[in-house]
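The values are calculated or read from the model by the stated rules, or taken from the named source; none is laboratory data. A quick note: this is a predicted structure, and the numbers were derived from the prediction, not measured. Don't worry about glycine lacking a Cβ; one is built from the backbone with ideal geometry, like all the others, and counts go over all protein chains shown. All accessible areas refer to the heavy atoms of the entire protein, side chains included, with ligands and DNA or RNA removed. Shrake-Rupley method; radii C 1.70, N 1.55, O 1.52, S 1.80 Å.
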Amino acid sequence: MPKKLNKSHQDIILNSINEGVFTVDLDWKITSFNKAAERITGVSQQQAIGRYCRDVFRADLCEKDCVLNRTLKTGKSFTNVRTRIVSDSGKHVAIRISTALLKDDEGKITGGVETFQDFSQVEQLRKQLRSTYTFEDIVGQSKPMRSIFRVLPQIAESDSTILIEGESGTGKELFARAIHNLSKRKHNRFVAINCGALPDTLLESELFGYKAGAFTDAKKDKIGRLAHARGGTVFLDEIGETSPAMQVRLLRVLQERCIEPLGALDPVKINVRIIAATNKDLAQQVKSGEFRNDLFYRIRIVRLKLPRLCEKRVDIPLLVDYLVAKFNRIQDKQITGVSEEVMSLFMKYQFPGNVRELENIIEQSFVLCSGNVIKTAHLPPELQPDDARRADSPMSPSTIKAMEKCHIEEALHRHQGHRGKTAKALGIDVSTLYRKIKSLGIKLPVADGRGAGRL
């Protein structure tokens, strides 16, 4: 059996690496602190050892969601978690951390170890790159998106009414919020209402409010959303769905900048910016008499036309990366991306639901993916390759079985064939897992993890 390294040799090795390394005992006091940790934090080894790690690092995660604490509680190691610390000089430093348990020779947990890298330069480069391709939470580098990015600041600076046109799922509300957040009204409310989701009577109540006694159930005054915005922005989504009577009332709001709550005797002045949106062709609706001509020209003082996802395919890889990072944060996973085959399918697919559909596909894939990469088996049936599903049934049993088989095989592989751990990860009983292994013809991994401890 090879000899263990003595402490002096361990210190030499730890001090020779470029990553900061520190260890804590079960009381959260630092027991070791290497040279790179000194350099990144500005705290000397002598100052650090014996202190609580939260007092040394003062990181964003320390108070809210300490990763090392999660490791000690669950036994699960974490890698490449990003956070910020405050150095001894008061400088905010972006770092990327990984954690693991420390155990003695008998396997008893004695503390934890955390390694961390100074990520500041990489973070700065990423910000420069993102500033080129993003606007608020809007991602894109295609020609149509760059054209929109160029004009959004000027649109935001003005106080003119805006009409955002685009198919469902193109992100109309996201653009409206971005405009609000760039405007002088950003410190006031952004109030959104879907005009197509409510009948006229409810929409009138929501927008304009009412006075007590205006109708039977009106026990007290209710302020409408137009008044509630107070110096902010009101987003009228699906304005093309409004009735002719409601269009007349909205026209008065835009012309007079006042509202009349139901049951009120006097009009109430309002100070809001109106951003309207529609997935319909309002110009055609004007021609057919479904939408008022005068309201149409009032709301489209500034017009913003959003492209469909299939018209900006170059943005799909960027959007996929953005969404994968988003769901990694939400679901506490470490999926690195999608396979080349999946990306190829995305680049060919028409995406009738646009960016919202892509987001839903990625979210579903996260649920089904047990590994590190999203594969075709994790995609919904409409995106499955033709040879992997029956053409006459978009939800064919063979496709569902293939997805289930892949899901179980990945879980088995991840747990080195341990049936108990695999069943627990899948949320099913061990006996159910055995039945599925047999019925789906799953080949078990060569490595058998059951030796590590049977249930």
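When A94, A48 are screened for being of a type in the set (G, A, S), within 28 Å of L319 (Cβ to Cβ) and at pLDDT 70 or above, only A94 passes. In this entry, A212 is excluded by the filter for residues that are surrounded by 19 or more Cβ atoms within 10 Å (Cβ to Cβ) and either touching a residue at least 12 places away in the same chain (Cβ under 8 Å) or of a type in the set (A, V, I, L, M, F, W, C) (or both). Please tell me if G213 is part of a loop (DSSP other than H, G, I, E, B) and at pLDDT 85 or above. Criteria not met by G213. Polar (S, T, N, Q), at pLDDT below 85 and closer than 30 Å to G240 by Cβ, is that true of T161? Taking the combined requirement at face value, the residue does not satisfy it.
Taking first residues from segment 241-260 that are within 15 Å of F291 (Cα to Cα) and among the hydroxyl-bearing types (S, T, Y) and partners that are open to solvent by less than 30 Å² (accessible area, probe 1.4 Å) and not in a helix (DSSP H, G or I), the Cβ contacts under 9 Å between residues at least 6 apart in sequence or on separate chains come to T242/L236; T242/F291. Hey, among the residues in segment 244-271 that are under 37 Å from the mean Cα position of the chain (by Cα) and of a type in the set (S, T, N, Q), which one's most open to solvent (accessible area, probe 1.4 Å)? My answer is N271.
Might you check whether a residue that is under 24 Å from the mean Cα position of the chain (by Cα) and assigned to a loop (DSSP other than H, G, I, E, B) occurs anywhere in segment 88-103? No - not one qualifying residue is present in segment 88-103. The condition (being within 15 Å of V21 (Cα to Cα), modelled with pLDDT of 90 or more, out of contact with any Cys (no Cβ under 8 Å at 6 or more places or on another chain) and of a type in the set (A, V, I, L, M, F, W, C)) is satisfied by just one residue among F33, F78, F57: F33. The residue list T41, T23 contains one member that is in contact with a strand residue (DSSP E or B) (Cβ under 9 Å, 6 or more places away or on another chain) and at pLDDT 90 or above, which is T23.
The set of residues in segment 339-388 that are under 15 Å from the mean Cα position of the chain (by Cα) and not hydroxyl-bearing (S, T, Y) comprises V355, R356, E357, L358, E359, N360, I361, I362, E363, Q364, F366, V367. Screening segment 309-382 for helices (runs of 4 or more DSSP H) wholly inside it with 2 or more residues that are at pLDDT 90 or above and open to solvent by 20 Å² or more (accessible area, probe 1.4 Å) returns the ranges 340-348, 354-368.
Selection of segment 163-203 for residues being in contact with a Phe, Trp or Tyr (Cβ under 9 Å, 6 or more places away or on another chain), buried (at least 20 other Cβ atoms within 10 Å of the Cβ) and part of a strand (DSSP E or B) yields L163, I164, F190, V191. For segment 223-236, filtered to residues that are within 17 Å of L203 (Cα to Cα) and modelled with pLDDT under 95, the residue that is surrounded by the fewest Cβ atoms within 10 Å (Cβ to Cβ) is I223. Within segment 17-47, the only residue that satisfies the criterion of being hydrophobic (A, V, I, L, M, F, W, C), surrounded by fewer than 16 Cβ atoms within 10 Å (Cβ to Cβ) and within 18 Å of G112 (Cα to Cα) is L26.
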